[in-house]
C-alpha cells in the first residue's frame, strides 16, 4: 500500500451555462493530473448553480451526462476523481450526490448527502429538503493508498458520521462543500480542523469559488488538514487548484502518540462499524 499521495482540489466557479462549467471542470482535472496529482476533487454542486431555483432545471438534464463525463476525465487522465456533487435523479426523488471514480473511470463510491441544509440564520433562509431527498448510507471506499471516505457539506456538522467512517478504516475524508458568507468565515476552517483532530485523519474540504452577486455566494477557502490539525494547504475565494502532498503513515503516527482509538468506551457509547 502506498503512503504518499498528492491531492488536488479544483476550486472552480459554477457558471449558469452548464457546458461552460463542464469544460472548465475538465480542464482543471487535466491540469491537476498533469501536475502529478493522484486525486482531483471538485466542489459540491459543481455542475449546477447552488440555488433552489436551478436544482430541478439542471437535474432535468439528467445526471448520467455528468457521470459519463467525470468517468471519462478520470480514465483519460489516470486519476482518482471525487466528483464534488451533482443533482442525481432516481424515480421521483432528487439527491445531492457525490460520485467517486477510480483511475479506470469506474464508479468506486456514491455518497448521497445525508444531512440536508435546512437553516434559518440571519440573512439567510435555505431549505434543501424542499428539493432533495436525504441519503442513508455511510460512504467509504478502498484505494491503493488505503480506505477513504466521502461526505457533503452540511454532513460535516454531525461528528458521529465521521467517527463512523474512521472506525470503518477511513484515513482520508473528502468533503465537497459550499459554506456561505455567514457560516464560512465563522465555522468552515475550524470545523474541518476539528473533524481531522477528532478522528486523527486527513480531511479535505473542497469548496466552490465565489460567484459574487449570485443568489448564494460560497465562502470558498478550500483546505487540507492533517491528523494533528495542521493546515497543509489553503485557498482564498478565487478559482484555483489547491495541491497538498499527504503521507498516510502520519495517521498511524498520530494515533500512536494520541491513542484515541485504543481508548474508545464501546461499553458506554458506540457508532456504526
Exercise. Name the single residue, out of those in region 62-80 being more than 11 Å from residue 30 (Cα to Cα) and not in a helix (DSSP H, G or I), that is modelled with the highest pLDDT.
Key: 80
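When you scan region 215-234, how many residues do you find that are part of a loop (DSSP other than H, G, I, E, B) and farther than 17 Å from residue 183 by Cα?
From region 215-234, those part of a loop (DSSP other than H, G, I, E, B) are 215-217, 219-222, 226-230; that's our starting set.
Subsequent filtering for residues that are farther than 17 Å from residue 183 by Cα retains 226-230.
Residues meeting the conditions: 5.
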Practice problem: Determine if region 38-50 includes at least one residue that is modelled with pLDDT of 90 or more and on the phi > 0 side of the Ramachandran plot. | Solution: yes
Quiz item: Among the numbered criteria (1) closer than 24 Å to residue 186 by Cα; (2) surrounded by fewer than 18 Cβ atoms within 10 Å (Cβ to Cβ), which single criterion is violated by residue 72?
Solution: (1)
Quiz item: Here are some conditions: (1) touching a helix residue (DSSP H, G or I) at 6+ places or on another chain (Cβ under 6 Å); (2) surrounded by fewer than 16 Cβ atoms within 10 Å (Cβ to Cβ). Residue 92 meets all but one. Which one does it not meet?
Solution: (1)
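For region 124-134, state whether one or more residues are assigned to a strand (DSSP E or B) and at pLDDT 95 or above.
Among the residues of region 124-134, not one is assigned to a strand (DSSP E or B) and at pLDDT 95 or above, which makes the answer no.
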Quiz item: Hey, does region 101-108 have a residue that's more than 23 Å from residue 270 (Cα to Cα) and touching a residue at least 40 places away in the same chain (Cβ under 8 Å)?
Solution: yes
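Taking the condition touching a residue at least 24 places away in the same chain (Cβ under 8 Å) and loosely packed, with under 14 Cβ neighbours inside 10 Å, does residue 247 pass? Even if it seems obvious, please write down each step before you answer.
Values: touching a residue at least 24 places away in the same chain (Cβ under 8 Å): yes; loosely packed, with under 14 Cβ neighbours inside 10 Å: yes.
Judged against the criteria, residue 247 is a match.
The values are calculated or read from the model by the stated rules, or taken from the named source; none is laboratory data. Please read all numbers here as calculations on a predicted model, not as lab measurements. Every residue, glycine as well, gets a Cβ built from its backbone with ideal geometry; the counts of neighbours run over all protein chains shown.
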